[in-house]
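Novice: Encoded as structure tokens, here's the structure I'll be asking about.
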Amino acid sequence: MYEDLGGSAQPEIGWADIGKNIGSIGASMGAFASAAAAGGFEVNETGGKALLKAIEKMQDWVNGQVLDLRQLAQQLPLGQSNGAKVMKPYLQQVASDSQGFLTQLTQFNDSLAKAAEGINTAMAKYKETEAAKSAAFRQA
């Protein structure tokens, strides 16, 4: 019998892991948006439009998931056994409390909107820089 003691196999990913990853991605998007707003980088129109398109596609996906998963925030009809009575509120809480999957998904969607704002800011800054450099070049 094979027993993997080295941990080389990929671990299974559960809903809790997905929620943590979405939260981490959301934090990264927030940092990205802040960097763009602060002038940390600039993006030309072609690159900016590509990024905005990708963000829009992700927002569409998230919005579709929220609609499909909103039932998780309701108490599930698991029956009247003692186990079901214990699990009903717990499952509802896991989906919708402050660290719940639905909450994290909503926060991720908010961070996508901030990232789009950041891209628009970075595109505007790129245009400003190009205009300033063109003006300086014409004066030289």
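Bear in mind that the values in this text are calculations on the coordinates, not laboratory data. Being a predicted model, the structure only gives us computed values, none of them experimental. We place every Cβ from the backbone using ideal geometry, glycine too, and count neighbours over all the protein chains shown.
Novice: Between Lys85 and Ala124, how many nm apart are label points set 7 Å from Cα along the C-beta direction?
Specialist: Label at Lys85, label at Ala124, 5.9 nm between them.
Novice: While we're on this one: Show me, for the stretch 82-89, the HN-Hα J-couplings you get by feeding each phi into the Karplus relation (A = 6.51, B = -1.76, C = 1.60, θ = phi - 60°), rounded to Hz, glycine and proline as x.
Specialist: Going residue by residue, I get 4, x, 5, 5, 6, 6, 3, x Hz, with x marking Gly and Pro.
Novice: Find out how many positive minus negative residues lie around Gln75, taking Lys and Arg as positive, Asp and Glu as negative, among other residues whose Cβ is under 15 Å from that of Gln75.
Specialist: +2
Novice: Tell me, in nm to one decimal, what length is gained between Glu117 and Ala37 on full extension, where the rule is 0.36 nm per residue of separation less the Cα-Cα distance?
Specialist: Taking Glu117 through Ala37 to full extension adds about 28.0 nm, to one decimal.
Novice: Say R0 is 30 Å: what FRET efficiency, to the nearest 0.05, do Ala132 and Lys53 get from their beta-carbon distance?
Specialist: For Ala132 and Lys53, the calculated efficiency is 0.60.
Novice: Kindly put Phe108, Phe32 in sequence by how many other C-beta atoms sit within 10 Å of each C-beta, fewest to most.
Specialist: In order of increasing Cβ crowding within 10 Å: Phe32, Phe108.
Novice: Find out how many positive minus negative residues lie around Asn63, taking Lys and Arg as positive, Asp and Glu as negative, among other residues whose Cβ is under 15 Å from that of Asn63.
Specialist: Within the 15 Å Cβ shell, the charges total -2.
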